[in-house]
Amino acid sequence: MGSVGDKLDIESDEEISFSSSHATNKTDSLHFESAHMASPRSSYSSRVSRKMHQISYFRSIYVVILEAKINVLLPFGPLAILLHYLTKKHEWVFFFSLVGITPLAERLGYATEQLAFYTGPTVGGLLNATFGNATEMIISLYALNNGMMRVVKQSLLGSILSNMLLVLGCAFFCGGIVHRQKVQVFSKATALVNSGLLLMAVMGLLFPAVLHFTHTEVHFGKSELALSRFSSCIMLVAYASYLFFQLKSQPNLYSSIDEDRENNAENSDEEEAPEITQWEAIGWLAILTVWISVLSGYLVDAIEGASDSMNMPVSFISVILLPIVGNAAEHASAIMFAMKDKLDITLGVAIGSSTQISMFVIPFCVVVGWFMGKPMDLNFQLFETATLFITVLVVAFMLQEGTSNYFKGLMLILCYLIVAASFFVHVDPSKEGE
């Protein structure tokens, strides 16, 4: 009996081991099959993701390049380069470069606005002003490298005048026409801080000019340049302090009204959303900046030849024509925000851009010229400095109430026409850079 029981135990153990090995074989085969089933699924998902990325890239190209109607002017840029090498007609090279830069400046502003969706309103407004001024800054650096200091000064001065009078005036006028049944309001605190910075910039430009024309320099020709470089460093410190004050120290001063507007926007049916991704916006900013820098070189080279061919003063070209093209992005976005009753963003674009040029771009060009060995100073001549001083006063009086209407906008536009006519009949007494 014992042997029979042992046999039964042995047989049962063999059956169990056989069945367990058979089960493991089944599970192994199932794992093998599932692995083979998973591999095509993973490859399929990777292919789908690649296709989605390609679709995103194509959609980004369509939105940035093909969708905007202003991009019909893009071929003028390559045509300007061809005319530069095939002909010596500077007026056509200048005109085609000017027209070709216009859509690039507008698209640069669009890409900046898209990036602002991911960075927040305060940083977004700063980015809008910075990249909106990228065109002027690139043109100025090219002209500075060629020793055309008067073109640098007059183009930057014209950009300030264009932003404060033409851009802000058109924004107030269009916003007042659309919302003529109510009074549009904006933050007086923000406007006062920017007005104070603009007056400080006028002071920085005024003293070198007065020192030069009163002939009261300790060392003739050297004291004016030394004062300009010292004042430029002080203005850069002041602008850096302003950025810290705006972004870190007291951001509520700048975001209180904007937050109310955002809360109202959340309650409304329309919700704005970005049309391209963050990295696509950064990529387009890089591409557009490079292309603008290429065209700016041809534009600067053709300025003097175009002035002679068209019998038009270089000061008028530098102060009026160049800034209108360079401010295309600010012009479009400021009017759009004013028509949406977002005047705080409009002021951030127009007045903030003027503040950045006067307190950062101009002193930065002086410092860069210092390192280049170029005698770039803050002496903008009495006529230009007086024009800037009066403009800042007019705009400061317009902003002191914290309200806007279409009549204020019309007054600013008419003031800009007077400035444009003044520079058309103005003969630049300085011959430096020629």
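The values are calculated or read from the model by the stated rules, or taken from the named source; none is laboratory data. From a predicted model like this one, the values you see are computed outputs, not experimental measurements. Cβ coordinates were reconstructed from backbone atoms using ideal geometry, including for glycine residues, and neighbour counts include every protein chain displayed. Areas reflect the complete protein model, heavy atoms only, side chains present, ligands, DNA and RNA absent. Shrake-Rupley method; radii C 1.70, N 1.55, O 1.52, S 1.80 Å.
Measuring from label point to label point, each 7 Å out along Cα→Cβ, what is the Leu410 to Asn146 span in nm?
According to this spin-label approximation, the distance is 4.1 nm.
Could you calculate the contour length gain from Leu199 to Ala386, that is, 0.36 nm times the residue separation minus the distance between their Cα atoms, to one decimal place in nm? It would help to have the intermediate numbers written out before the result.
Values: separation 187, 0.36 × 187 = 67.32 nm, distance 1.21 nm.
Going from the current span to full extension adds 66.1 nm.
Which log10 I(q)/I(0) values, to two decimals, does the range 157-205 give at q = 0.14, 0.24, 0.28 Å⁻¹ under the Debye formula with one point per Cα?
So the normalised log intensities are -0.48, -1.00, -1.08.
Give me the extension gain from Val210 to Ala421: residue separation times 0.36 nm, minus the current Cα-Cα distance, reported in nm with one decimal.
Extending this stretch completely gives an extra 73.5 nm.
For Asp308 paired with Ile61, estimate the spin-label separation in nm (one decimal), with each label point 7 Å from Cα along the Cα-to-Cβ line.
In this crude spin-label approximation the distance works out to 4.3 nm.
Could you estimate the translational diffusion coefficient of the range 126-236 from the Stokes-Einstein equation, with Rh from the Kirkwood formula over C-alpha pairs, at 25 °C and 0.890 mPa s, in whole µm²/s?
Estimated diffusion coefficient is 145 µm²/s.
For the range 304-434, divide the Cα radius of gyration by the Kirkwood radius and give the resulting Rg/Rh value with two decimals.
Across the range 304-434, the Cα-based Rg/Rh ratio is 0.99.
Could you give the length gained by full extension between Asn71 and Thr130, i.e. 0.36 nm per residue of separation minus their alpha carbon distance, to one decimal place?
19.0 nm
How large a share of the accessible area of the range 127-173, in percent, is made up of carbon and sulfur atoms when the probe is 1.4 Å and the other protein chains stay in place?
Details: 600 of 840 Å².
Summing carbon and sulfur atoms, their accessible area is 72 percent of the total for the range 127-173.
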